[in-house]
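Worksheet: the structure to be examined is printed underneath.
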């Protein structure tokens with residue numbers, strides 16, 4: 001080794017393990033957040049994917065309300081929290097990093113930040129538990145299209161939605177220069 005390589009290695013930070021040899025993430029997921037992998041069927045005409053089927057027994061709450069939202073490339077939607085319901089996401093298009101911060105004192109992941117990437121390349125359902133702050137960051141190069149199957153219908157007169165600014169000191173996470181609210 002040369003003096004130059006020794007000096008650069010003194011300042012280098014070694015990568016840490018992020019997955020096991022079988023592909024399982026090493027990061028602990030927010031308690032109560034779960035997934036259901038789905039299959040996108042492809043043929044010469046196009047694709048078809050099932051978004052939700054109660055026979056999967058993925059989530060105990062019934063399907064009661066559905067909406068679609070989009071996020072432009074590089075933009076963050078959040079921080080948001082729900083007290084009375086869970087979000088259940090499905091990405092139709094794009095790549096979204098869901099960042100969660102658990103404020104439930106009884107949770108094994110209390111005060112933990114957890115990040116999950118949802119993508120059109122690996123479609124799956126994901127729920128975000130109640131009382132977990134979460135932000136959705138489009139990390140792709142095109143608009144992200146997300147379907148949400150919340151566990152209760154939206155109440156226009158009394159929304160179950162609480163917000164903090166992206167740069168809050170109350171959550172130990174930074175989106176850097178990303179824009180949003």
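The values are calculated or read from the model by the stated rules, or taken from the named source; none is laboratory data. Quick caveat, the model's predicted, so the values are computed rather than measured. Every residue, glycine among them, receives a Cβ derived from its backbone with ideal geometry; neighbour counts consider all protein chains shown.
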- Residue by residue through the range 139-153, note down the ones that are under 21 Å from residue 86 (Cβ atoms), in contact with a strand residue (DSSP E or B) (Cβ under 9 Å, 6 or more places away or on another chain) and surrounded by fewer than 13 Cβ atoms within 10 Å (Cβ to Cβ). none
- Task: Could you pull out the residue among 149, 131, 175 that is over 17 Å from residue 68 (Cα atoms) and in contact (Cβ under 8 Å) with a residue 60 or more places away in the chain?
- Result: 175
- With criteria (1) closer than 25 Å to residue 65 by Cβ; (2) without any contact (Cβ under 8 Å) to a residue 60 or more places away in the chain; (3) in contact with a strand residue (DSSP E or B) (Cβ under 8 Å, 6 or more places away or on another chain), residue 162 comes up short on (2)
- Query: Out of curiosity, is residue 99 within 13 Å of the chain's Cα centre (by Cα), surrounded by fewer than 16 Cβ atoms within 10 Å (Cβ to Cβ) and either free of Cβ contacts under 8 Å to residues at least 60 places away in the same chain or closer than 16 Å to residue 31 by Cα (or both)?
  - Reply: no
- Scan 18, 34 and give me the residue that is in contact with a strand residue (DSSP E or B) (Cβ under 7 Å, 6 or more places away or on another chain), free of Cβ contacts under 8 Å to residues at least 24 places away in the same chain and over 22 Å from residue 165 (Cα atoms). 18
- Selection from the range 61-76 of residues part of a loop (DSSP other than H, G, I, E, B) and closer than 18 Å to residue 93 by Cβ yields 66, 72, 73, 74
- Identity of the residue in the range 60-78, in contact with a strand residue (DSSP E or B) (Cβ under 6 Å, 6 or more places away or on another chain) and closer than 20 Å to residue 152 by Cα, that ends up modelled with the lowest pLDDT: 78
- Taking the range 102-119 as the region of interest, how many residues are in a strand (DSSP E or B) and buried (at least 19 other Cβ atoms within 10 Å of the Cβ)? 4
- Message: surrounded by 13 or more Cβ atoms within 10 Å (Cβ to Cβ), at negative phi, modelled with pLDDT of 95 or more and part of a strand (DSSP E or B): is that true of residue 88 in this structure?
- Response: yes
- Message: Within the range 121-138, take every residue that is modelled with pLDDT under 95 and not in a strand (DSSP E or B) and give me the one that is surrounded by the fewest Cβ atoms within 10 Å (Cβ to Cβ).
- Response: 121
- Query: Limited to the range 143-181, what total is found for residues that are within 30 Å of residue 60 (Cα to Cα) and in a strand (DSSP E or B)?
  - Reply: 7
- Name the single residue, out of those in the range 5-60 being closer than 25 Å to residue 108 by Cα and outside any loop (DSSP other than H, G, I, E, B), that is nearest to the chain's Cα centre (by Cα). 35
